[in-house]
Each structure stands twice: as structure tokens, then as C-alpha cells.
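In what follows, a structure is listed as C-alpha cells, so that the remarks can point back to it.
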Amino acid sequence: MLNLTTQIGTLTLKNPIMPASGTFSEDLAQVFDLDVLGAHVTKTITREKRSGNPTPRVCEVRGSMLNSIGIPSKGVEAFIADVIPFYAKYDAPLIVSISAGSVDEFASLCEEISVPGVAAIEVNISCPNIEEDGKAFAMRPSTTEAVIRKLRNATDLPLWAKLTPNTGETTEVAKAAEEAGADALVVSNTLLAMAIDINTKRPKLGNLMGGLSGPAFKPIALRMAYQCAKSVDIPVIGCGGISTVEDVVEYLIAGASAVQVGTATFIEPQIMVKMLQGLESYLQSQGLSSLKQLIGSVDDEEASDGLVFMEAAP
């Protein structure tokens, strides 16, 4: 009998697989039973209505995808009225992703969304901070600490801080989020990237740049998840480039307690169900009876401390 449960703070998930914010909607209920998932993570919402970025918003690149959606939102009132009731019929906990442009706006939205039916709040601190010249909150430990501490005072619900790869201070930001009161880290959001059409000489995205996701991004996000899991005592949720069950297993071995699946769902809507089945088969093949035996089992004892930089082969 396999035990696939995993603990994310005070929440016990029946399995470690859930969608990444922005890649999941109620329409998938027509494709598979949503209750097979460990949790449901909604598309990021803002307090006010937003139309999002100019088109085109998505383009394919080799092995991955760029997107510059811009967080279109119907606003918090519509979300509370329409979306939360939809998920109330499922047992899987509902995780609501939120975004705002300032610390005070974040706190106000967090307080407003702390309603029955919401199990945890995922804080998208990878979004631009208008008080810091548009730099994402999670780019710096100081701004990370400021926003998470403010949110911690605004709600009693668990807080999951979604980090950004666009920083050179990954572990420092992770520690700042933990110290400020985050209950878990989601590692990570997309990597800022760009593509140009060589025929028109124009950027392929209407907003010039966007977030890189998909398989090409996985090694970066996996490295970040490993570093964060080694640096903090709160759970890490791996996110980035997960498209196969092998990817899921890698993140778990690296120290993630759960994973979020994003771009792969666009390609194959039932991929999370298949990953769950594949994870069960893997555990059985390894003679493991519990997911906990896999989490953080990476054999890194002989590795040197810190990052190892290798010269490129001539």
C-alpha cells in the first residue's frame, strides 16, 4: 500500500502533484476528475480587473515556450462569487494565487481573499513592485521580507511564496521569506527571456519579453529547488519544466515536498494524471512504500559546498 501523502505546512496533500498557477482552469474538469490531484492552484488574480499584456502573448521556442500574458483578471469580487464555489465540491485543497503592485495592495487583497473555501494563498512575489522601480519583490531579500511580513499579519491562512529565478540571491530570498512567516516556497516562476522573428526583425511577444517555461527551463528551476530545500526548514514546492514523471521524481529527490505542473498541461491536458500513475510505478519499482522516503534523498554527500563552476570544453 503506497502512501503518497505529503505535508506542506499545516496542509496534508494526498499526493504531491498539482497544477502551476495560470495553467489550470475549471474547464479541465471535463477532461479528468480534478480530485485526483493533491491540490488545485488557481490562475493568479488581482484585486481589480486587468486586461493583460498586448498580443501576441505566447510563442514557441526550441524545447520550451515564452509567455507574456500579463495576469488578466476579472477581479477579486468575481473570483469569490464564481470560482471559489466551483472548487467547493472537491476534496483537494484550493490554493489561490494573488498578485499586486505594492506591499499594501498585496496585504489588502490577501485579507479580502481569506474566505471559507480557500486553504492557502500563493503569493506571486515574482511580479513587479511599483515601489522599487518595477523590480520583482522576490529579486531582493529586503523586499521579500517586507511583503511576506505584511501578508503574515493580514491572514491566518498558510502563505506560499512563489519565488523568481531572476535574482542572484536565491537562498537569501528563500531565507527572508521563511523568516517573515511564509509556510512554503514555490520554486520557481518563469525566467525572463526573449525571442525575435528574423524576417520581421520584431520581438515575437507584444510585450517584448516574457517568461521562459517548459523543459529547457527545468535544470535551472531544479537547481533552485535543491538550493532552497537545503537552506530553509519550510517545504519547497518544485515548479518549472516538469513534463515527465522522471522530472517529478528529480524534484522530489532534490528536496521538493511537492511539484507544480504547468506548460506540459497545454500539450497534454491529462499529463498530471499520468504523472501520478507513473510516480506510483516508480515507488513500487524502488521498493518504497512512502513518498517521504523519496523526498530529499539526493546523494550529494561527496559534492563540494556551494556552486562549482566548470570551464567549457575547448
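Summary table
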item: Subset tally (residues that are at pLDDT 95 or above, of a type outside the set (Val, Ile, Thr), in a loop (DSSP other than H, G, I, E, B) and more than 17 Å from residue 32 (Cα to Cα)) for the range 260-314; result: 8
item: Residue match in the range 72-81 (condition: in a strand (DSSP E or B), open to solvent by less than 20 Å² (accessible area, probe 1.4 Å) and at pLDDT below 95); result: yes
item: Failed criterion for residue 178 (all others in (1) within 20 Å of residue 98 (Cβ to Cβ); (2) touching a residue at least 60 places away in the same chain (Cβ under 8 Å); (3) not polar (S, T, N, Q) hold); result: (2)
item: Residues being surrounded by 19 or more Cβ atoms within 10 Å (Cβ to Cβ) and farther than 18 Å from residue 98 by Cβ - total across the range 1-41; result: 8
item: Any chance residue 161 is buried (at least 20 other Cβ atoms within 10 Å of the Cβ) and in contact with a helix residue (DSSP H, G or I) (Cβ under 7 Å, 6 or more places away or on another chain); result: yes
item: Subset of the range 42-55 [open to solvent by 20 Å² or more (accessible area, probe 1.4 Å) and not charged (D, E, K, R)]; result: 51, 52, 53, 54, 55
item: Residue within the range 173-189 that is of a type outside the set (A, V, I, L, M, F, W, C) and farther than 23 Å from residue 259 by Cβ present; result: yes
item: Hits in the range 50-80 (condition: hydroxyl-bearing (Ser, Thr, Tyr) and in contact with a helix residue (DSSP H, G or I) (Cβ under 6 Å, 6 or more places away or on another chain)); result: 64
item: Tally, over the range 20-57, of residues that are touching a residue at least 60 places away in the same chain (Cβ under 8 Å) and under 22 Å from residue 243 (Cβ atoms); result: 15
item: Residue ID - surrounded by the fewest Cβ atoms within 10 Å (Cβ to Cβ), chosen from residues in the range 234-292 that are among the charged types (D, E, K, R) and within 30 Å of residue 173 (Cα to Cα); result: 246
item: Verdict on residue 64 being in contact (Cβ under 8 Å) with a residue 40 or more places away in the chain, within 18 Å of the chain's Cα centre (by Cα) and buried (at least 21 other Cβ atoms within 10 Å of the Cβ); result: no
item: Scope the range 192-216; condition open to solvent by less than 40 Å² (accessible area, probe 1.4 Å) and hydrophobic (A, V, I, L, M, F, W, C); matching residues; result: 193, 195, 205, 212
item: Those residues of the range 212-244 which are part of a strand (DSSP E or B) and either modelled with pLDDT under 95 or of a type in the set (A, V, I, L, M) (or both), in sequence order; result: 212, 236, 237
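The values are calculated or read from the model by the stated rules, or taken from the named source; none is laboratory data. As the structure is a prediction and not an experimental result, all values here were calculated from the model. Here Cβ is always computed from backbone atoms with ideal geometry, including for glycine, and neighbour counts include all displayed protein chains. Note: accessible area is taken over every heavy atom of the protein model, side chains too, but ligands, DNA and RNA are not part of it. Shrake-Rupley method; radii C 1.70, N 1.55, O 1.52, S 1.80 Å.
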